[in-house]
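Worksheet for the structure shown next.
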Amino acid sequence: MKIRSLRVILQTLLLVLCVASFTRGQGRIVEAADIIVVHGRVYTEDPKQPWAQAVAIYRGKIVAVGTDPEIERRRGMGTKVINAGGKLVLPGFVDCHIHFIDGSFSLGRVNLEGAKDPADIQKRLREYASERPGDDWILGRGWNYAMFGAEALPHKKYLDEIFPNRPVSLRVMTGIPTGPIRRALFWPGSQEKLRIRQTGRLSATPKRVRPRVR
């Protein structure tokens with residue numbers, strides 16, 4: 001009886017060892033993940049595997065990306081399961097500095113990023129204006145100093161040539177105002193020589209519709 005019981009125990013141990021050996025070879029024995037995201041459309045940014053279904057996270061790091069069955073193998077007793085419900089899952093975007101409102105407004109303005117020179121800027125402005133006729137302000141952003149070559153700075157003459165009677169305001173590529181002087185120079189306006197007060201304030205008189213630097 002004892003021999004028979006011992007034989008059953010040995011057979012059971014042998015079976016467990018065989019199963020363990022097989023599953024290790026298949027890569028199925030893994031440490032349980034803290035979080036798994038399943039049933040999603042995961043964009044990996046990996047050219048070899050651009051899309052997946054699920055993601056496993058352990059100690060704050062992504063440890064596996066694959067199909068739902070593959071990632072389910074990393075599910076343990078304490079694993080948090082997030083069902084993406086077929087929705088898009090993207091790598092984390094972390095931005096500590098963003099101008100959400102202004103950036104949103106910019107989508108409806110002239111985009112000058114990538115313009116080669118003043119002629120290219122004028123071309124983009126003409127196209128924008130042709131789709132928005134009228135005399136209201138044309139707003140845009142994205143120019144940089146390299147676009148103006150040896151001049152280095154923008155000049156209102158480029159705007160006066162195409163919009164002699166329509167006001168235009170174009171911000172530098174950073175989106176941050178570069179000061180009223182430079183912005184005023186890139187506004188169509190008076191043919192008078194611009195004068196700058198010590199305050200540097202931008203002002204308009206009742207006789208003038210367009211702003212100027214006095």
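The values are calculated or read from the model by the stated rules, or taken from the named source; none is laboratory data. Not measured: the values here are computed from a predicted model. When we count neighbours, we look across all protein chains shown, and the Cβ atoms used for this are built from the backbone with ideal geometry, even at glycine.
Looking at segment 126-138, I want the residues that are closer than 13 Å to Ser169 by Cα and not assigned by TED's automatic domain parsing to the domain that holds Val110 and have a partner that is aliphatic (A, V, I, L, M) and modelled with pLDDT of 90 or more with Cβ atoms under 6 Å, at least 6 apart or on another chain. Which pairs are those?
As it stands, the answer is none, since no pair meets every condition given.
Taking the criterion of being outside any helix (DSSP H, G or I), of a type in the set (Phe, Trp, Tyr) and out of contact with any helix residue (DSSP H, G or I) (no Cβ under 7 Å at 6 or more places or on another chain), would at least one residue in segment 124-139 satisfy it?
Yes, there is a match, as at least one residue in segment 124-139 is outside any helix (DSSP H, G or I), of a type in the set (Phe, Trp, Tyr) and out of contact with any helix residue (DSSP H, G or I) (no Cβ under 7 Å at 6 or more places or on another chain).
Given the structure, is Pro91 exposed (fewer than 14 other Cβ atoms within 10 Å of the Cβ), in contact with a strand residue (DSSP E or B) (Cβ under 8 Å, 6 or more places away or on another chain) and either touching a residue at least 40 places away in the same chain (Cβ under 8 Å) or not aromatic (Phe, Trp, Tyr) (or both)?
yes
Looking at Glu72, Glu113, which one is out of contact with any helix residue (DSSP H, G or I) (no Cβ under 9 Å at 6 or more places or on another chain) and within 21 Å of Ala32 (Cα to Cα)?
Result: Glu72 is the single residue among Glu72, Glu113 that is out of contact with any helix residue (DSSP H, G or I) (no Cβ under 9 Å at 6 or more places or on another chain) and within 21 Å of Ala32 (Cα to Cα).
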